[in-house]
Amino acid sequence: MSVSLANFGIADKLASRRTRQAINVDRKLLLITLIIILLGLVMLGSASISIAEQQTGKPFYYLWRQFGYVSVGVFLATLVFAVPIAVWQRLGPILIMVSMLILLLVFVPGLGRNVNGSTRWIGFAGLNVQVSEFAKLFCIIYLAGYLVRHTQLVRTELKGFIRPLLLLQVVVFLLLLEPDYGAAAVLLATAMGMMWLGGARFSQFAMLGFLVAAALALLAVSSPYRMERLTAFLNPWADPFNSGFQLTQALIAFGRGEWLGVGLGSSVQKMFYLPEAHTDFVFSVLGEELGLVGVVIVILLYTYLVLRLLRIGRHAEQRELPFHAYLSYGIALWIGLQAYINIGVNMGVLPTKGLTLPLMSYGGSSVVVMCLAISMVLRVDYETRKGDRLVQNKKGIV
Amino acid sequence: MKEKVHNPTSAFRIGVVITVLVGSALVLIGRAFDLQVLRKDFLQDQGDARALRVEPVMAHRGMITDRQGEPLAISTPVDSVWIQPQTFMTAQSQWSPLAKELGLNMADMRRLVAQKQDKEFVFLKRQISPMLGQKVMALKIPGVSLLREYRRYYPMGEVAAHVVGFTNVDDQGQEGLELAYENWLHGTPGKQRVIKDRLGRVIQHVELLQKPQPGKNLTLSIDRRLQYLAYRELKKAVFKNKAKSGSVVILDVHTGEVLAMVNQPSYNPNTRKGLKASSFRNRAVTDVLEPGSTMKPFTVAAGLESGRYTADSMINTSPGFLKVGRNLVRDAHNYGLIDITTLLQKSSNVGASKMALSLPENTLLHMQEAFGFGEITGSGFPGEASGIVNTSPHWRPIEQATMSFGYGLSVTPLQLARAYCVLANGGYLKPISFVRQQHPVVGQRIIKTKTATAIRTMLESVVSHDGTAFKASVEGYRVAGKTGTVKKLVNGQYSDDRYQALFAGMAPAVNPRFVMVVIINEPRGKAFYGGLVAAPVFSRVMSGALRLFDIAPDVTTPDRWQMAVAEAHL
């Protein structure tokens, strides 16, 4: 990425005066991201080969499209890397308005696209964009800014705790209207985590957490299809050919995988048994083909990715860059939560929700937004270390 | 700046977040261990229950060949298109190219799918060529699959149709030897375990549970060349004489093997659509007829065996008819005092009747039964008729008289041929076989060799220019035989215009190798006598047979001049 940055010539003046080593991004984060993306492409290719063949006659249809999305994501990420974090900080309040607006656009006839009973996409110029992915990122940017602007308020008063959440509730409400239950849950949980790291009082946090949980429970009970999904997850074998169909097929995939897996490309479950094998349930195919070893490696990869993101945030916080820190924390929580929830859903420890596995599942919007988010954290690291050097330089002069 | 220096998040709060995240990761890993190691057996069983299936492995049916190993029936691989209606319903947009490839009517297809929609397996089209099968699969229509099957192909078509028979669409024998040897020919499908995808397509072969047992091959006694020759000549004769039907049977004298058996009308077993069941009948085995004068040699055999007659015995046939009770037995001419050779040569009914009436009451019946009449030949051919001999305890003299010249009993052409074999091989009745015999066939002696030889010599005179069947002669060989021209029974009355023309004969006369029976049913041309209608077929086919089997000629200097004269007479 550093090479392409140099080629584009869009790094700032300081960077352009330095050697390439000086503008180096966090190699570990970059490497772990690329590993996950490449592994994701391999698994997606394998998981989608039969369904693509059947649907389009081209076995690598989904693989090539995903490759295109990843390319777009990487390209946009290099652009985003060139944007100073301060810009995002200033844009925060606007971005949350934008996210509400785009979530409303979904309901505009002719613009919204309904797939499987959910209106989550807006289509224009031949592209379908899952707007909730962007909304999540925008909300995190907004919340990071809020936590910086009202640090004391958040840490001392109930008002400071509730105010941003009210605004987020609007977004969550719109997400539930689609409905995109998974995105709403991930967004709320991420927000909670950010508030926690922002210093919100434990009592308030616990109280609101309880309220939110109650509200979610109520929603789940009020919508029968969610209730059905909930019971399916608790005991999928009770009704394995109806509500528990997808989950039992996913569990069978893991069971077939054993220690070392049946081998790359040899999954049986992807042969039309497991619905959504290339999107939300790609991890099950991975479990079948690469076994427990592959599963543990991927869980550890995501854990390492999250810890790396948190570490960059912590470093930024120590350099007194609170927005940088909260942004990194938010993105870390988001990616971590979404990855774990998706894996948990695949393995039947959480109810089935429409959540992608970050950077691995098929889906253009998801992979592009994830690339942008990682790129922002790379920028955070870059700016943080720039500060380091300035401090060191000052020390050297004095 | 109004903003204070940032007060960082406490290490405790970060620690909690990290603990929760790493804890979640560990929980997930624990769950993965649970699923992939601890509960793998249960999950794999569940998976197998959904994906593992036992499928048949088709075994092909044994080949039927002629005695030289040339194929008469072979199984060729074909594909059958079957559908899973539920899945197939979802792809209605792709139906029309499928219907076009298979030549099906869209409306019929829709009706079939609607009717069978709760079934799991429905044949859409049976037995198409593998090439067309590939084309159909290339359409990639959900719920459409192929099943490998075998279709019977009969290279000789109508020529061997009656003997070989045919199988139905499920590869089971329906007629002829295909039916008779069903257990020998049919293969036993094996079983294999496969993994299928959810659309029912096999994606992996796991193991062979039971090997398919292909059917065993069957070598018939039929000679393909002789069969073809006989068929061609019979067809020609039936056509030329405007006959209703006809049969030819050729037997090996020493083994009782059927070397050729053909009938008219025949059918093409490869495309049987729209054919009448009557044309499926192997008339030479399943149909009976009154044998007429072709029975006279057996009457003579009874006379000679009784010791009351010798080859030189004379019988007075004057005045050309014989009153038996209230009935009259007639000859064509008044032959006067004749020897037994002349009796056969001129086919004298009066002579045969006198001979029969002079013997003890049951002698003729016993002789006919000894020659195998009234019982099946043991060929095992499905639907073989046994014929009827008159076994009533008290005969009227007229019954005994008519029996002596072949009326009042019914025989199959095959039985007739078998009985002539006894005369040909020196007195042994042998079982009939459609399967090639490897070892010498033991028969049952029923008349003295001397008697058989004597009758053979007498029958040679029938095929002289003085006999009734000169047209049965074969250049270079001595031929013995007997004609028959039988009035058919129509509504209990012997018809005056419906005949069956017969010839039964053997060659070479001195040491016969082949017996052949030719029957032309209801010839409607100018000629209807066995000697004019059936004998020429015998001559042509027998001459071919002798040549094909490399039989040495037994006439060293054929009297061409004599033959030419004889022909001029006719």
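The table below lists the values:
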{"item": "Residue count for the stretch B:340-359, restricted to those that are within 27 Å of B:His465 (Cα to Cα) and open to solvent by 50 Å² or more (accessible area, probe 1.4 Å)", "result": "2"}
{"item": "Residue list for the stretch A:307-328, restricted to those being closer than 14 Å to A:Asp26 by Cα and surrounded by 24 or more Cβ atoms within 10 Å (Cβ to Cβ)", "result": "A:Leu309, A:Ile312, A:Gly313, A:Ala316, A:Ser328"}
{"item": "Among residues of the stretch B:266-279, those that are open to solvent by 40 Å² or more (accessible area, probe 1.4 Å) and in contact (Cβ under 8 Å) with a residue 24 or more places away in the chain, counted", "result": "2"}
{"item": "Unique residue being part of a helix (DSSP H, G or I) and either open to solvent by 10 Å² or more (accessible area, probe 1.4 Å) or not hydrophobic (A, V, I, L, M, F, W, C) (or both) when the list is A:Leu197, A:Leu175, A:Leu208", "result": "A:Leu208"}
{"item": "Subset of the stretch A:339-376 [within 14 Å of chain B (Cβ to nearest Cβ), outside any loop (DSSP other than H, G, I, E, B) and either under 22 Å from A:Trp64 (Cα atoms) or among the hydrophobic types (A, V, I, L, M, F, W, C) (or both)]", "result": "A:Ala339, A:Ile341, A:Ile343, A:Val345"}
{"item": "Filter result (polar (S, T, N, Q), free of Cβ contacts under 8 Å to residues at least 40 places away in the same chain and either open to solvent by less than 60 Å² (accessible area, probe 1.4 Å) or within 14 Å of chain A (Cβ to nearest Cβ) (or both)) within the stretch B:163-206", "result": "B:Asn168, B:Gln204"}
{"item": "Residue that is under 43 Å from the mean Cα position of the chain (by Cα), at pLDDT 85 or above and hydrophobic (A, V, I, L, M, F, W, C), where the choices are B:Ala32, B:Ala59, B:Ala73", "result": "B:Ala73"}
{"item": "Residues being of a type outside the set (A, V, I, L, M, F, W, C), surrounded by 24 or more Cβ atoms within 10 Å (Cβ to Cβ) and under 14 Å from B:Asp197 (Cα atoms) - total across the stretch A:249-272", "result": "4"}
{"item": "Qualifying residues in the stretch A:231-269 (those that are facing chain B (nearest Cβ under 9 Å) and of a type in the set (D, E, K, R)) - the one farthest from B:Ile203 (Cα to Cα)", "result": "A:Glu258"}
{"item": "Pick from the stretch B:467-509, criterion of a type in the set (Asp, Glu) and farther than 30 Å from B:His254 by Cβ, ranking: nearest to the chain's Cα centre (by Cα)", "result": "B:Asp497"}
{"item": "When residues of the stretch A:301-338 are limited to those that are outside any helix (DSSP H, G or I) and not basic (Lys, Arg), the one nearest to the other protein chains (Cβ to nearest Cβ)", "result": "A:Glu320"}
{"item": "Close pairs from the stretch B:86-115: first in contact (Cβ under 8 Å) with a residue 60 or more places away in the chain, partner open to solvent by less than 70 Å² (accessible area, probe 1.4 Å), Cβ under 7 Å, at least 6 apart", "result": "B:Thr87/B:Pro142; B:Thr87/B:Gly143; B:Thr87/B:Leu199"}
{"item": "Matching entry among A:Leu95, A:Leu41, A:Leu31 (being in a helix (DSSP H, G or I) and open to solvent by 40 Å² or more (accessible area, probe 1.4 Å))", "result": "A:Leu31"}
{"item": "The stretch A:49-68, subset under 21 Å from the mean Cα position of the chain (by Cα) and buried (at least 19 other Cβ atoms within 10 Å of the Cβ), residue nearest to the other protein chains (Cβ to nearest Cβ)", "result": "A:Tyr62"}
{"item": "From A:Val131, A:Val170, A:Val154, residue being away from chain B (no Cβ under 14 Å), open to solvent by less than 10 Å² (accessible area, probe 1.4 Å) and β-branched (Val, Ile, Thr)", "result": "A:Val131"}
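Yes/no matrix, rows are residues, columns are (1) crowded, with 16+ Cβ neighbours inside 10 Å; (2) at pLDDT below 85:
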site: B:Phe88; (1), (2): yes, yes
site: B:Trp95; (1), (2): yes, yes
site: B:Lys119; (1), (2): no, yes
site: B:Lys125; (1), (2): yes, no
site: B:Pro130; (1), (2): no, no
site: B:Lys135; (1), (2): no, no
site: B:Lys140; (1), (2): no, yes
site: B:Arg152; (1), (2): yes, no
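The values are calculated or read from the model by the stated rules, or taken from the named source; none is laboratory data. This structure is a prediction, so every number in the text was calculated from the model and none was measured. Every residue, glycine among them, receives a Cβ derived from its backbone with ideal geometry; neighbour counts consider all protein chains shown. The area values use the complete protein model at the heavy-atom level, side chains included, leaving out ligands, DNA and RNA. Shrake-Rupley method; radii C 1.70, N 1.55, O 1.52, S 1.80 Å.
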